[in-house]
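Beneath this line is the structure, given in structure tokens, with notes to follow.
The values are calculated or read from the model by the stated rules, or taken from the named source; none is laboratory data. From a predicted model like this one, the values you see are computed outputs, not experimental measurements. All Cβ positions, glycine included, derive from the backbone under ideal geometry; neighbour counts span all protein chains shown. For accessibility, only protein heavy atoms count, side chains too; no ligands or nucleic acids. Shrake-Rupley method; radii C 1.70, N 1.55, O 1.52, S 1.80 Å.
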Amino acid sequence: MRFWVLKSEPDVFGFADLVRVGREPWNGVRNYQARNFLREMRPGDLCLFYHSNARPAGVAGVARVAAGAYPDDLQFDAQSRYFDPKSSPDNPRWSMVDVEPLVAFPGVVPLDVLRTLPEWADSALTRKGTRLSVLPATDEQFWAVLDAAGLSLEDLNRLTP
DNA sequence: GCCAACGTTGGC
DNA sequence: GCCAACGTTGGC
């Protein structure tokens, strides 16, 4: 199993929204590096759900990959802001995965707390100016955040059959 | 709202 | 292939 970070703006779609809908296609990613990470995701992988452009910015919960990468339908929708006229159905340029909520943290683990964790020192997430919306996390990084959220491996095992 | 940092675009 | 201009991201 691998670990990831997914960024989202809570004003647009926060972790509470994911809990509400139960499952969500992670569409609209239009950055090649982020897309390549999406394509590496497998069902069951766990994602730290990061709230950006928020007060405070930080990790709000854990999501699970429910479906691996498949073509992002918005790239073919001329009405969508994510429409890509250079993409074609026989060779789709952009991908998405489905995610589902696993656990909401009791409180957001803020960015300034992440920065105090040795596992997160000088990472792409905590470094200033990084704009990647999908990025990998190490096991150590993942568990450090869970620990900071007050959750244990046992808490997570209870939720992951 | 500000602004630094970055990715993308397009002219050459 | 370079690089300036531009648009976007994202912390504050």
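Among residues of segment A:30-46 that are within 13 Å of residue A:99 (Cβ to Cβ) and in a loop (DSSP other than H, G, I, E, B), those with a beta-carbon under 8 Å from a residue that is small (Gly, Ala, Ser) and modelled with pLDDT of 95 or more at least six positions away or on a different chain give the pairs A:41/A:68; A:41/A:69; A:42/A:68; A:43/A:66; A:43/A:67; A:43/A:68. Residues that are of a type outside the set (D, E, K, R), surrounded by fewer than 20 Cβ atoms within 10 Å (Cβ to Cβ) and within 16 Å of DNA strand B (Cβ to nearest atom) are absent from segment A:137-160. Scanning segment A:75-98 for residues that are open to solvent by less than 80 Å² (accessible area, probe 1.4 Å) and in contact with a strand residue (DSSP E or B) (Cβ under 8 Å, 6 or more places away or on another chain) yields A:92, A:94, A:95, A:96, A:97, A:98.
Give the number of residues within segment A:124-136 that are surrounded by 18 or more Cβ atoms within 10 Å (Cβ to Cβ) and either more than 10 Å from DNA strand C (Cβ to nearest atom) or not in a strand (DSSP E or B) (or both). Write out each step before concluding.
Restricting attention to segment A:124-136, the residues satisfying the condition of being surrounded by 18 or more Cβ atoms within 10 Å (Cβ to Cβ) are A:125, A:133-135.
With the extra rule that they be either more than 10 Å from DNA strand C (Cβ to nearest atom) or not in a strand (DSSP E or B) (or both), the set shrinks to A:125, A:133.
Adding up the residues that qualify gives 2.
Within segment A:1-38, the set of residues being open to solvent by 80 Å² or more (accessible area, probe 1.4 Å) and of a type in the set (S, T, N, Q) comprises just one member, A:33. Every test in (1) touching a His at 6+ places or on another chain (Cβ under 7 Å); (2) near DNA strand C (Cβ under 10 Å from one of its atoms); (3) over 21 Å from residue A:68 (Cβ atoms) is passed by residue A:8 save one, and that test is (3).
Can you pull out every residue in segment A:105-130 that is free of Cβ contacts under 8 Å to residues at least 40 places away in the same chain and either over 17 Å from residue A:57 (Cα atoms) or within 15 Å of DNA strand B (Cβ to nearest atom) (or both)? Listed by number, the residues that qualify are A:118, A:119, A:122, A:123, A:124, A:126, A:127, A:128, A:129, A:130.
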